[in-house]
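The values are calculated or read from the model by the stated rules, or taken from the named source; none is laboratory data. Everything numeric in this text was worked out from a predicted model, so none of it was measured. Here the Cβ positions follow ideal geometry from the backbone for every residue, glycine too, while neighbour counts run over all protein chains shown.
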Amino acid sequence: MSLDLGYLVAFPILGGLLSLIGRLRLYAVFVFGLLSCFLSFYAFLLSLKHGKPLYQWVGGWIPPLGIGLRLDGLSGFFLMFTAVVFVGVGVYSLGFFKSAYKEREEFFWFFFFFLWAGLNAFFLSEDLFNLYVSLEVLSLTAGVLVALPGHKKAVRASLNYLLLSLFASLLYLFGVAIIYASYGSLSMHMLAKSFSEGGEFLYSLLPLIVSLSIKSALFPFHFWLPPAHSSTIAPASALLSSLVVKPPAYLLLRVWIEVFPKDKSLEYVSWVLGLLGALAIFFGSYYAIRQKTIKMLLAYSTVAQMGYLFLIVPLYYKAQYAEMRTTVIEGFTMQAFSHALAKASMFLASGNAIYVSKRDDISYMPGFAHSHPFTFFALFFSGATLVGLPLSGGFFAKFLLIKASFEVSMLFQGVVLLLGSLLAALYVYPIWRESLSFQPEKIYHLPIPRLMEVSAFALGFVAFSSGLVAGFLLQALSGV
Amino acid sequence: MVLSLILSSLIASLLIAFFKEEWYLPRTLVNVVAAFYKLFVVAYLLWATYQGRVFEISYPMVPFADFHLRIDPAGLLFVSLSSFLWLLTTLYAVGYLEGSPNRRRFFTFFNLAVTSTMGIALAGNMFTFFLFYELLTLSTYPLVVHRGTQKALKAGGVYLVYTLLGGSLFLLCLVVLYTLVGNGDFYTGGNPKLALWVEGQPLMAEFLFYGLFFSMGVKAAIFPLHGWLTRAMVAPAPVSALLHAVAVVKAGAFGVFRLIYNLYGVDLVQSMNLWQLPAYLAGFTLLFGALMAVFQEELKKRLAYSTISHLSYIFLGILIPGQIATMGGLLHLVNHGIMKITLFMCVGNYSQAYGAHKVREVAGMGRLMPITTLSLTLASLGLSGIPLTAGYLSKKYLEEGAKMAGVEWALYLFYAGSILSVLYLMPIVFVAWLGKSKEEKRNFPETSLLMVIPPFITAFLTLIFGVFQHQKLNPVTWVKLIASIEYGP
Amino acid sequence: MISFYYILSFILVAVSVYHFIAAESPFKRLIAVNILGSAVFLFFLTTSKNTPSQNPDPVPHALVLTGIVVAVSATAVGIALILSLSKREKDES
């Protein structure tokens, strides 16, 4: 079994280019969507089977000039769930563009595939500069996706997001340059060796961490996220909120666990990030609870859910022993995975709600449980996943992380995780209540296209029931 | 075999989720077939387990905890109770919900709730138990708010607050269990690894026990945590009947049974005196629930308070040391389930047929709905502990157990509870038979046959179990088996 | 001499960060991002003198070239968005 990892980036790009040709569009979407999805799953299975990391140098050029790609349990897992979300959102979009925004469809698929390519490239990249390029691909495509509806609000949100994101990317590059100046290498596994010899990398921490926090909307840099994610069309919101914020957090985990040595000053940095993560959970949930429109609520919930990925940074510092490390990585990936699926499902379902009620106030979505059961099931299961109720992937994430925090006696993290899930219940509850409430005069009878209902439901249901196979999904991570 | 118990209702639930609302017949068919199939499996398992065969499956879910299902006599007791009552309630619900909207959603979640109940009964470790315990919370929420009225939504909110807080406490205890002890498996006679840990950490062990007890107590509606149960009575009658009289509340009681007998072990609980504080609380709840029930005008609320009170009988039976008391507790778990479900179904019939919700309003029902009223009378007699009924039997064991363990106060509480039961149940019976109403008698049957027969069957069972005490098919046999296993021969 | 370039790049970073935060107009902020880009590229190129031998290190040149391409295209997208925004604002008023 072997696989040229370059295909994982090349196929989505090809699909994106072909989708620009009007007549070929749907065929290109089908063929390349399925191919890319198949490749991602194949890569995931390969990482399950292989056990140890698989390195490839694009074109046979070795570092420092060549580009290194690496597939291991962690990247394989991220590739896999990225593909799941893309397939779900893709199926949804097939239905969505039939009914609205028809003139936007040609561009949507192009950016859809480029986003996929950028994410795959990010998760596979092994050297820091290549990561920068992927980050830029992500910012540009995500920026355009935000502007897709074309109204003023969306364009303004997109512009704000794009500028901030470019700024953060350059800060990241600045940090990378500092690292290169001190160590003369950008490849992660080579840096892992040289970092332990000299502490110059600490100078690069400020730009690196600030830029990654901006990109993943860590409190206090979260302000760009709610307008950007809430003003665009449902499939784009789903992609942005579930996937585009994840890579920076993934990179931080990667660098911290694989590259950084056990340096005392890193402990302080980890605590700062952990505290910001806790604040993100509290503020994000607080603002989510106060929102009146479902898309803003979901966007703030993303802020809160991303907080978990930073809350546990102090655990990374402690987790440089094999067993602990596995638990932390497992908790992290499970959280990223279940949030991605659940949030995508939520946004898609909210798109359904807006489709029938023509507005996105939560109080105008009554009776979904009565008129559109599938949309309700999607909201129900994905909501339960966000709260972290059992059987869902979110529960396993929380359980693993709370357990890890108890094991290293950092009770703070455990308590915040528990409070966070209670707060999540507080913002998910209004959605459930409104969709279950029965007011005969306010029931909508407009049918929703089948593809839109089923894809939202499927993502939510997979997110919820993935807990049952958590053991299988996570088994490749112990080798990371 | 083990999986088919869980899957039969899970598959039914998923199938129904995809059925269209108008597909009345396929839905009913799936429901009934699944329920009968489950009952059939249960019958086989009862026989096989009695022969001493063990069924279990497990696979690793996370590195330190398995998904573990196992059939033991205690779990099977709960399984057979709930799957038998599931069949009856499904039939009842088909009749009750006839013509009402959203039956698809109702049966989806109803079957999911039954699935979780099965999982709770069969769980082989605390982790699996917790998974299904919380799934039960989740799947019952849409049932509580099924009607979607403001009142129902409010009750649902209260329900979620109680259960989610309880769930968080449970999660915390679970993490402590799996981090500090490292093992939450259920063993006959207690988990040996936990026993070792308790020696080193007696204080922590005490906290863990109480933490787990209270997180189960939320579902079992023990005194300060009972608020949700009375409010949840806005749910449709089949939900109140099966879930709020049997599945949900008894899942809590059953959890306490697992906690004491299979996790900590009876010996440990006795030697550390862990049972005393919960027992006082249960005793207080017994009196409190019964007293509150006397003053309730609304029938369902009265029954809800009675449930709260009777759950404390079960608790006391499980908590008080000694084989006889344990038998009494478990027996009451079964008997109370059968009797209370009868009462809820009868009350549901009254409200469905004549819109009677309050005690005053059932006047004349004896004439209008004789079979339903007869069932109600039998179950009421049973619940008050009148001789020749199942309720008398379990109370006898409970009183005997309390006497043997030297827990005098519990004995007096049982007497007081019986008197109060008479006080809050007999008025309903008297008003129904002797009261006068202006309503015209309708044609026989009283209401849909599907709603008259299930309560009649359970009421009849109340009598059968009470009269034929020494038959092999009486739950007493099974309860004896469990007690002898847990206490050793 | 080398430290002069380093100091210059730090000054440029500071200037651009200040203007990025302080400026109201999106166009000014886009310029600030470009200045930050120049500063980072300058810094990166300066590090190529860091080799023990006399020859400069070619890697930073290659990377900066890539970076410039990315920055140019990003600027193009930014300008397109700014234009479309101002057009929409004009249409409204």
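In this structure, does B:Gly184 turn out to be of a type outside the set (Val, Ile, Thr) and modelled with pLDDT of 90 or more? No; evaluated as a whole, the condition is false for this residue. Of the residues making up the range B:81-105, just one is part of a helix (DSSP H, G or I), surrounded by fewer than 22 Cβ atoms within 10 Å (Cβ to Cβ) and within 14 Å of chain A (Cβ to nearest Cβ), namely B:Arg104.
Scanning the range A:363-379 for residues that are of a type in the set (Ser, Thr, Tyr) and within 11 Å of B:Asn102 (Cα to Cα) yields a single hit, A:Ser371.
Residues in the range B:193-212: is at least one under 17 Å from the mean Cα position of the chain (by Cα) and among the small types (Gly, Ala, Ser)? Within the range B:193-212, not a single residue is under 17 Å from the mean Cα position of the chain (by Cα) and among the small types (Gly, Ala, Ser). In the set A:Ser405, A:Ser345, A:Ser382, only one residue is of a type in the set (S, T, N, Q) and within 9 Å of another protein chain (Cβ to nearest Cβ); that residue is A:Ser405. Screening B:Phe40 with (1) modelled with pLDDT of 90 or more; (2) within 14 Å of another protein chain (Cβ to nearest Cβ) gives one miss only, at (2). Determine, yes or no, whether A:Leu411 is within 23 Å of the chain's Cα centre (by Cα) and among the hydrophobic types (A, V, I, L, M, F, W, C). Against the criterion (within 23 Å of the chain's Cα centre (by Cα) and among the hydrophobic types (A, V, I, L, M, F, W, C)), A:Leu411 does not qualify.
Here is a yes/no grid of residues against (1) surrounded by fewer than 22 Cβ atoms within 10 Å (Cβ to Cβ); (2) of a type in the set (Asp, Glu); (3) assigned by TED's automatic domain parsing to the domain that holds B:His336; (4) under 25 Å from the mean Cα position of the chain (by Cα):
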{"residue": "B:Leu393", "(1), (2), (3), (4)": "no, no, yes, yes"}
{"residue": "B:Glu399", "(1), (2), (3), (4)": "yes, yes, yes, yes"}
{"residue": "B:Ala402", "(1), (2), (3), (4)": "no, no, yes, yes"}
{"residue": "B:Met426", "(1), (2), (3), (4)": "yes, no, yes, yes"}
{"residue": "B:Lys436", "(1), (2), (3), (4)": "yes, no, yes, no"}
{"residue": "B:Pro455", "(1), (2), (3), (4)": "no, no, yes, yes"}
{"residue": "B:Ala459", "(1), (2), (3), (4)": "no, no, yes, yes"}
{"residue": "B:Thr477", "(1), (2), (3), (4)": "yes, no, yes, yes"}
{"residue": "B:Ile485", "(1), (2), (3), (4)": "yes, no, yes, yes"}
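Note on the range B:9-32: residues that are among the aliphatic types (A, V, I, L, M), under 23 Å from B:Glu98 (Cβ atoms) and touching a residue at least 12 places away in the same chain (Cβ under 8 Å) amount to 6.
Report, by residue number, each residue of the range A:363-383 that is within 20 Å of A:Val89 (Cα to Cα) and buried (at least 24 other Cβ atoms within 10 Å of the Cβ). Answer for the range A:363-383, where residues must be within 20 Å of A:Val89 (Cα to Cα) and buried (at least 24 other Cβ atoms within 10 Å of the Cβ): A:His372, A:Thr375, A:Phe376, A:Phe377, A:Ala378, A:Leu379, A:Phe380, A:Phe381, A:Ser382, A:Gly383.
Could you check, for the range C:46-68, whether at least one of its residues is at pLDDT 90 or above, exposed (fewer than 14 other Cβ atoms within 10 Å of the Cβ), more than 9 Å from every other protein chain (Cβ to nearest Cβ) and within 14 Å of the chain's Cα centre (by Cα)? Checked the range C:46-68: at least one residue is at pLDDT 90 or above, exposed (fewer than 14 other Cβ atoms within 10 Å of the Cβ), more than 9 Å from every other protein chain (Cβ to nearest Cβ) and within 14 Å of the chain's Cα centre (by Cα). Counting only helices (runs of 4 or more DSSP H) that fall entirely inside the range B:392-489 and contain at least 1 residues that are among the acidic types (Asp, Glu), the qualifying elements are B:408-434, B:475-487.
Inside the range A:410-423, residues that are at the interface with another protein chain (Cβ under 10 Å from one of its Cβ atoms), crowded, with 21+ Cβ neighbours inside 10 Å and within 15 Å of A:Gly284 (Cα to Cα) make up a count of 2.
This table checks each residue for (1) modelled with pLDDT under 90; (2) assigned to a helix (DSSP H, G or I); (3) under 18 Å from B:Ile338 (Cβ atoms).
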| residue | (1), (2), (3) |
| --- | --- |
| B:Ala221 | yes, no, no |
| B:Pro238 | yes, yes, yes |
| B:Leu242 | yes, yes, yes |
| B:Ala247 | yes, yes, yes |
| B:Phe254 | no, yes, yes |
| B:Leu263 | no, yes, no |
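Could you look through the range B:141-153, keep only residues that are assigned to a helix (DSSP H, G or I) and surrounded by fewer than 19 Cβ atoms within 10 Å (Cβ to Cβ), and pick out the one that is nearest to the other protein chains (Cβ to nearest Cβ)? Give the steps one after another, and end with the answer.
Here is the first cut: in the range B:141-153, the ones assigned to a helix (DSSP H, G or I) are B:141-144, B:150-153.
Applying the additional criterion that residues be surrounded by fewer than 19 Cβ atoms within 10 Å (Cβ to Cβ) yields B:150-151.
Details: B:Gln150: 8, B:Lys151: 11 Å.
Checked the range B:141-153; the qualifying residue nearest to the other protein chains (Cβ to nearest Cβ) is B:Gln150.
Out of B:Phe130, B:Phe78, one residue alone is touching a Pro at 6+ places or on another chain (Cβ under 7 Å), more than 20 Å from B:Pro455 (Cβ to Cβ) and either at pLDDT 90 or above or buried (at least 24 other Cβ atoms within 10 Å of the Cβ) (or both). It is B:Phe130.
Do we have any residue at all in the range B:65-74 that's in a helix (DSSP H, G or I) and either surrounded by 23 or more Cβ atoms within 10 Å (Cβ to Cβ) or on the phi > 0 side of the Ramachandran plot (or both)? Checked the range B:65-74: at least one residue is in a helix (DSSP H, G or I) and either surrounded by 23 or more Cβ atoms within 10 Å (Cβ to Cβ) or on the phi > 0 side of the Ramachandran plot (or both). Is at least one residue of the range A:112-130 of a type in the set (A, V, I, L, M), in a helix (DSSP H, G or I) and over 17 Å from the mean Cα position of the chain (by Cα)? Within the range A:112-130 (the criterion being of a type in the set (A, V, I, L, M), in a helix (DSSP H, G or I) and over 17 Å from the mean Cα position of the chain (by Cα)), the answer is yes, since at least one residue qualifies.
So that you can scan it fast, the table gives a plain yes or no per residue for (1) within 21 Å of B:Ser83 (Cβ to Cβ); (2) surrounded by fewer than 24 Cβ atoms within 10 Å (Cβ to Cβ); (3) polar (S, T, N, Q):
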residue	(1), (2), (3)
B:Gly211	no, yes, no
B:Ala220	yes, no, no
B:Val234	no, yes, no
B:Tyr261	no, no, no
B:Met272	no, yes, no
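Put simply, of A:Gly73, A:Gly66 the only residue that is closer than 22 Å to A:Leu124 by Cβ, at pLDDT below 90 and under 18 Å from the mean Cα position of the chain (by Cα) is A:Gly73.
Residues that are over 27 Å from A:Arg156 (Cβ atoms) and in a loop (DSSP other than H, G, I, E, B) do not occur anywhere in the range C:18-41. Any residue that is at the interface with chain A (Cβ under 10 Å from one of its Cβ atoms) and loosely packed, with under 13 Cβ neighbours inside 10 Å - is there at least one of those in the range C:6-20? Checked against the condition, which is being at the interface with chain A (Cβ under 10 Å from one of its Cβ atoms) and loosely packed, with under 13 Cβ neighbours inside 10 Å, the range C:6-20 yields no hits at all. Would you be able to say whether some residue in the range B:115-132 is out of contact with any Gly (no Cβ under 7 Å at 6 or more places or on another chain), over 28 Å from B:Asn474 (Cα atoms), more than 13 Å from every other protein chain (Cβ to nearest Cβ) and in a helix (DSSP H, G or I)? No: the range B:115-132 contains no residue that is out of contact with any Gly (no Cβ under 7 Å at 6 or more places or on another chain), over 28 Å from B:Asn474 (Cα atoms), more than 13 Å from every other protein chain (Cβ to nearest Cβ) and in a helix (DSSP H, G or I). Taken residue by residue, the range B:359-380 has at least one member that is within 26 Å of B:Ile482 (Cβ to Cβ) and either touching a strand residue (DSSP E or B) at 6+ places or on another chain (Cβ under 7 Å) or modelled with pLDDT of 85 or more (or both).
Residue under question is A:Phe438, and the condition is that it be out of contact with any Leu (no Cβ under 8 Å at 6 or more places or on another chain), surrounded by 22 or more Cβ atoms within 10 Å (Cβ to Cβ), within 9 Å of chain B (Cβ to nearest Cβ) and over 30 Å from A:Tyr101 (Cβ atoms); does it hold? When the stated conditions are applied, A:Phe438 does not pass them. Of a type in the set (Gly, Ala, Ser), farther than 21 Å from A:Gly393 by Cβ, facing chain A (nearest Cβ under 8 Å) and touching a Ser or Thr at 6+ places or on another chain (Cβ under 6 Å): does that describe B:Gly156? No.
Looking at the range C:69-93 only, could you name the residues that are within 8 Å of chain A (Cβ to nearest Cβ) and aliphatic (A, V, I, L, M)? Working first, answer last.
Filtering the range C:69-93 for residues within 8 Å of chain A (Cβ to nearest Cβ) gives C:70-71, C:73-74, C:77-78, C:81-82, C:84-85, C:88-89, C:92.
Of everything in the range C:69-93, those that are within 8 Å of chain A (Cβ to nearest Cβ) and aliphatic (A, V, I, L, M) turn out to be C:Val70, C:Ala71, C:Ala74, C:Val77, C:Leu81, C:Ile82, C:Leu85.
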